[in-house]
Amino acid sequence: MRLYSTLQRTKVDLPELPGPIGIYTCGPTVYQRIHIGNARPFVLSMWLRAWLRHQGYDVTLVENITDINDKIYLAAPGASAELAATATEWHREDTDLLGLGRPDFEPKATETIPEIVALIEELIGDGYAYAAGGDVYFRVGAYPEYGALSGQRPDQVQEQEDEANPLKEDPRDFALWKANKPAEDTWWDSPWGRGRPGWHIECSAMAEKFLGDPFEIHIAGLDLVFPHNENEFAQSRAAGREFAHIWMHNGMLELTGEKMSKSIGNIAALRDVVERWGRETVLLYFLTAHWRKPIDFSDETMAQAAAQVETFRNAFRGEERAGGDWAPFAAALDDDFDTPAALAVMHEWRRAGQLLPLRDALTVFGLGSLAEEAVPPPELVELARRRQAAREAGDFAESDRLRAEIDAAGWEVRDEPGVFRLVPK
Ligand SMILES: [Zn+2]
């Protein structure tokens, strides 16, 4: 199997079976509900783990939780730790709705402080970092390979984020440790005084703590290549680690249509999208685009995904035929995890009634539920509910009409004491 890596700017082969393969995914900064775009690296990571395990690899997936950050301080002055704890639960609840399971480890930055402090001390000892007024900065000028991942040339790197500090040796230097400020209510004591870690150093420390060094795959959104991933890479390499071999950056979600003007976070919280369209439609929607490409989010693209979900569900109500060559499906995923190509193979099996490979393929992507005949579509459940209410109200004409409608959709409604049951015909 090979995957496109931002670092080598080409597809890179995975090691021979059975690995091991460590995957580190840059996780959420926890201060609000995640939106549908935030779910993309999570879905990609969970699918990739499932596929690699299916192929026989020994895989460990780590997705971190950034639970100390300027955004959290700003969102909850005086109660940042409480907000971070609550929003960590939100992240778990919302991603659980996708039904893909959990990463093997979900470490929190606030539980990795000793490892972070130790790594910073190592960098200071080697001349790659320096303390300045309670902060500690990475010395970009001391590390000639800076920019190797993102292609940013060191002489063109501007001052990063809001990290202006007159004590910095060089405006390009970025913070590894930040001194506590009056409005910041969460801190730790350190060799440089009271403070908290910078964002980038967390990921260097957590990846090494849970995966060791080196590890195989690093996953993040394309928006994190610079400065976050570049800085992670520079810190770990300067400290003598190999760090990740393959750097996967997923494409961004794009809004089309009339809602373009609104911010995506306001209109497309993951849990709202799942509630409206259903878990399977959300997953099928992500399957339709290659992970490196942007993906359009609109009512139209979601409706198209919902229609595809129904075609798969319907296939399992039809006749099953033998056959179905697994090789093209595996080849699509083994060549840069091309899910649209894999999906095309799945539709060929569906049209041919080759349900055995189709069931296995759906299961890789968390869609095995579509192969369970006993799950009626929600609109039929709604019709059955209305029929039951009509019966209870004594409106038998309406109840018969609804039964006929359910019948025409290929389902039979059976009355049992106090409830109804929908059975495929
Ligand atoms: Zn990260």
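The values are calculated or read from the model by the stated rules, or taken from the named source; none is laboratory data. This structure is a prediction, so every number in the text was calculated from the model and none was measured. FYI the Cβ positions are ideal-geometry reconstructions off the backbone, even for glycines, and counts take in every protein chain you see.
Please tell me if D155 is at pLDDT below 95, surrounded by fewer than 22 Cβ atoms within 10 Å (Cβ to Cβ) and under 22 Å from the mean Cα position of the chain (by Cα).
When the stated conditions are applied, D155 does not pass them.
Taking (1) within 21 Å of L287 (Cβ to Cβ); (2) free of Cβ contacts under 8 Å to residues at least 40 places away in the same chain in turn, F365 satisfies each apart from (2). Among the residues of the stretch 191-214, the ones that are of a type in the set (D, E, K, R) and within 13 Å of the ligand (Cβ to nearest atom) come to 2 in all.
The residues of the stretch 235-245 that are within 13 Å of the ligand (Cβ to nearest atom) and farther than 17 Å from L3 by Cβ, listed by number, are Q235, S236. L176 satisfies every condition listed in (1) over 28 Å from T60 (Cα atoms); (2) in a strand (DSSP E or B); (3) not charged (D, E, K, R) except (1).
Residues in the stretch 16-30 that are more than 16 Å from the ligand (Cβ to nearest atom) and either surrounded by 19 or more Cβ atoms within 10 Å (Cβ to Cβ) or under 14 Å from D94 (Cα atoms) (or both): I21 alone.
Just one residue in the set P328, P417, P340 is assigned by TED's automatic domain parsing to the domain that holds R313 and either in contact with a Ser or Thr (Cβ under 8 Å, 6 or more places away or on another chain) or at pLDDT below 90 (or both); that residue is P340.
Of these, N38, N64, N69, which one is in the same structural domain as E106 (by TED's automatic domain parsing), within 15 Å of the ligand (Cβ to nearest atom), modelled with pLDDT of 95 or more and crowded, with 17+ Cβ neighbours inside 10 Å?
Details: N38 fails: modelled with pLDDT of 95 or more; N69 fails: modelled with pLDDT of 95 or more.
Being in the same structural domain as E106 (by TED's automatic domain parsing), within 15 Å of the ligand (Cβ to nearest atom), modelled with pLDDT of 95 or more and crowded, with 17+ Cβ neighbours inside 10 Å holds for just one of N38, N64, N69, which is N64.
Inside the stretch 53-71, can you point out the residues that are within 19 Å of the chain's Cα centre (by Cα) and outside any helix (DSSP H, G or I)?
V59, T60, L61, V62, E63, N64, I65, T66, D67
Checking each residue in the stretch 72-123 for being exposed (fewer than 14 other Cβ atoms within 10 Å of the Cβ), part of a loop (DSSP other than H, G, I, E, B) and modelled with pLDDT of 95 or more picks out G101, R102. Among the residues making up the stretch 352-408, a single one is in a loop (DSSP other than H, G, I, E, B), small (G, A, S) and within 15 Å of L422 (Cα to Cα): A374.
Only residues that are buried (at least 17 other Cβ atoms within 10 Å of the Cβ) and either among the hydrophobic types (A, V, I, L, M, F, W, C) or in contact with a Gly (Cβ under 7 Å, 6 or more places away or on another chain) (or both): list them for the stretch 307-333, please.
Step one: filter the stretch 307-333 for residues buried (at least 17 other Cβ atoms within 10 Å of the Cβ), giving 308-309, 312-313, 315-316, 324, 329-330, 332-333.
Correct list: V309, F312, A315, F316, F329, A330, A332, L333.
Annotation note: Cβ proximity below 8 Å between a residue of the stretch 284-308 that is closer than 21 Å to M46 by Cβ and a residue that is at pLDDT 95 or above and of a type in the set (D, E, K, R) (sequence gap 6+ or interchain) occurs for F286/R40; H290/D336; H290/D338; W291/R40; R292/D336; I295/R40. Among the residues making up the stretch 334-349, a single one is of a type outside the set (A, V, I, L, M), over 23 Å from the mean Cα position of the chain (by Cα) and buried (at least 21 other Cβ atoms within 10 Å of the Cβ): W349.
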